[in-house]
Each structure stands twice: as C-alpha cells, then as structure tokens.
Amino acid sequence: MKDALPVLLVVAILGWSVFGPAAYALLANKLTRDREPWFSSVMILGLAFTCYVTSLASGASFKMCLWFFGIGTLWFLVVRRLFGKGSSFEMYMGPHILIVLGILLLPVLQHARMKAQQLNRLSQQYETAHQK
C-alpha cells in the first residue's frame, strides 16, 4: 500500500492539471460573468492555488513556486491580451500545465543532478586512490 501512495498522488495531481483549468474557468465565469479584470483575477487565484498545492505535494521550495507562478501568470495575461476574451479555458490550460509539470519535475531533476555529481566525486576519489 505504501508503494501505491506516490503513484496515486501523481495520478491525482496530473488529473487535476488537466481538469483543474475547466473547474477554474467555470467558477470564474459564474462568479464574474466574464467581466474583466475580475475574470483574470479569479483565474490567477486559481493558478496560485494550483502552484501552492503542487509545491506542497512535490516538496518544491517557495522560491521555485513563486517563479513558476510568475511565469504562468505572465503567460496567461499575455495570451489573454493578444487573443481577447474568446476561449479562456484554452488560454489557461498552458500555464496551468506548465506550473504543475514544472513544479513536479524540477525538484526531481535537481535531485538527480546532485546525485550524479556525488557519484562523479566518488568515482574520481576511487580512481585516484587506486592509481597509486
């Protein structure tokens, strides 16, 4: 059962990254009736919530969470400005998935890089010790 927990957590988070934007878009549309700047503000609050929950689940640092939140917010606002009010769900899907996948994968990649550096140091120490 302990082995299944991380898998279930990842499946739940990835499911939320796909279906979360639809929930946020419906909620924001119902609350604001697609009036700006309130609609974008509610959508950005959804990005903040996603960023926070994902960083808690992955163990990412607060600084990394802020970076991804800033990039996702900027992406959403630029796309919203360029393409107008049309399809807010599709505009929101990209930044939302960027935040979820980025926050989930970046700590794993950093950990793998750190382990590779440790193995490289150990290998160099082993080679120098056995050359003499």
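The values are calculated or read from the model by the stated rules, or taken from the named source; none is laboratory data. Since we're looking at a predicted model, the values are computed, not measured. Please note: Cβ atoms are built from the backbone with ideal geometry, for glycine as well, and neighbour counts cover all protein chains shown.
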* To do: Find the residue count for the range 24-72, including only residues that are more than 24 Å from Leu105 (Cβ to Cβ), out of contact with any Leu (no Cβ under 8 Å at 6 or more places or on another chain) and hydroxyl-bearing (Ser, Thr, Tyr).
  => 2
* Structure fact -> Of the listed residues (Leu9, Leu106), the one being of a type outside the set (Asp, Glu), surrounded by fewer than 17 Cβ atoms within 10 Å (Cβ to Cβ) and under 12 Å from the mean Cα position of the chain (by Cα) is Leu106
* **Condition broken by Gln131, with the remaining ones in (1) polar (S, T, N, Q); (2) modelled with pLDDT of 80 or more; (3) surrounded by fewer than 18 Cβ atoms within 10 Å (Cβ to Cβ) satisfied** => (2)
* What about Ala60, is it under 30 Å from Pro6 (Cβ atoms), outside any helix (DSSP H, G or I) and not charged (D, E, K, R)? -> yes
* To do: May I ask you to verify whether Gly94 is surrounded by 18 or more Cβ atoms within 10 Å (Cβ to Cβ), part of a helix (DSSP H, G or I), free of Cβ contacts under 8 Å to residues at least 40 places away in the same chain and small (Gly, Ala, Ser)?
  => no
* To do: Kindly indicate whether any position in the range 28-38 is of a type outside the set (Asp, Glu), surrounded by fewer than 19 Cβ atoms within 10 Å (Cβ to Cβ) and under 17 Å from the mean Cα position of the chain (by Cα).
  => no
* Which residues, taken from the range 55-106, are of a type in the set (Gly, Ala, Ser) and farther than 18 Å from Val42 by Cα? -> Ser55, Ala57, Ser58, Gly59, Ala60, Ser61, Gly102
